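Colleague: Quick one: structure below, then a few questions.
The values are calculated or read from the model by the stated rules, or taken from the named source; none is laboratory data. None of the values given here were measured: they were computed from a predicted structure. Note: ideal-geometry Cβ built from the backbone for every residue, glycine included; neighbour counts use all protein chains shown. The protein model used for the area step is the full one, side chains on, heavy atoms only, and it has no ligands, DNA or RNA in it. Shrake-Rupley method; radii C 1.70, N 1.55, O 1.52, S 1.80 Å.
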Amino acid sequence: MGQFLPFTKQVLKNLFSKPATTQYPFVPKEYPERTRGHVDIDSDKCILCGMCMRSCPPGAITVDRAGKKWSINRFDCIQCGYCVEKCPKKCLSITPGYQEPGPEKFRYEVEVPYEPPKPAAKPQAPAAVEK
């Protein structure tokens, strides 16, 4: 077999071994732990404090307290995770996977149903008693 079919040994080996490639369209890709993905928000926990916006190095996150909106430009985000670390309510998380490619840039906006608590009324000082 040496000179007749030099690749026969490799062909037989490949016939009885598992494929080296993944079955991509049929089996979703499993990302390893600690893989950077994209930032997601749990809008029910968000208090619109803006810590994520201030800690974002490229400035991809914006928080609009008046309009009650949180938005991110996913193409500007560098998936560093600083916003997730700085969030006091832990409403941000990094989800494994990546942003789907698209023909144009857009901002991902989320309506946040947060109502700030009303300040408690100060108790009235007792009236001065005359003697």
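Colleague: Could you point to the label whose value was computed as Rg/Rh (Cα atoms, Kirkwood Rh) for the structure here, given [x] 1.10; [y] 1.22; [z] 1.41?
Modeller: Computed from the coordinates, Rg/Rh (Cα atoms, Kirkwood Rh) corresponds to [z].
Colleague: With a probe of 1.4 Å, find how much accessible area the chain has per residue, and write the answer as a whole number in Å². Before the final figure, lay out the partial values.
Modeller: On the way: 10990 Å² over 131 residues.
It amounts to 84 Å² per residue over the chain.
Colleague: What ratio of Cα Rg to 2.2 N^0.38 Å holds for the stretch 6-55?
Modeller: On the way: Rg = 22.7 Å, N = 50, 2.2 N^0.38 = 9.7 Å.
Scaled against compact globular proteins, the figure is 2.34.
Colleague: Which value, in Å³ per residue, describes the convex hull spanned by the Cα atoms of the stretch 24-96? Working shown, then result.
Modeller: Numbers: hull volume 8.2 nm³, N = 73.
Cα-based convex hull of the stretch 24-96, divided per residue, equals 112 Å³.
Colleague: Run lengths n ≥ 4 of DSSP H only: what is the helix-derived mean residue ellipticity at 222 nm for the chain, with -39500 (n - 2.57) per run over all residues, to the nearest 500? Spell out each step's value before the answer.
Modeller: Values: 3 runs with 18 residues, N = 131.
The per-residue figure over the chain is -3000 deg cm²/dmol.
Colleague: For the stretch 1-80, state which chymotrypsin sites (Phe, Trp or Tyr not before Pro) are in a DSSP loop and have at most 10 other beta carbons lying within 10 Å of their beta carbon.
Modeller: Filter output for the stretch 1-80: Phe4, Phe7, Phe16, Phe26.
Colleague: Sticking with the crude label model, points 7 Å out along Cα→Cβ, report the distance from Glu100 to Gln124 in nm, one decimal please.
Modeller: Result: 6.2 nm between the two label points.
Colleague: Additional query: Do any GluC sites (Glu not before Pro) in the stretch 75-113 lie in a DSSP loop with no more than 11 other beta carbon atoms within 10 Å, and if so, which? Numbers along the way, then the final one.
Modeller: Working: sites: Glu85, Glu104, Glu109, Glu111; in loops: Glu104.
In loop regions of the stretch 75-113 (DSSP not H, G, I, E or B), the sparsely surrounded GluC sites (Glu not before Pro) are Glu104.
Colleague: Further question: Take the alpha-carbon positions of the stretch 65-131, form their convex hull, and give its projected area averaged over all directions (one quarter of the hull surface) in nm².
Modeller: Its Cα hull, projected and averaged over all orientations, spans 8.1 nm².
Colleague: Another one. How large, in percent, is the carbon and sulfur part of the accessible surface of the stretch 42-121 at a probe radius of 1.4 Å? Kindly include the intermediate steps, with their values, before the conclusion.
Modeller: Working: 2900 of 5280 Å².
Carbon-and-sulfur percentage of accessible area, whole number: 55.
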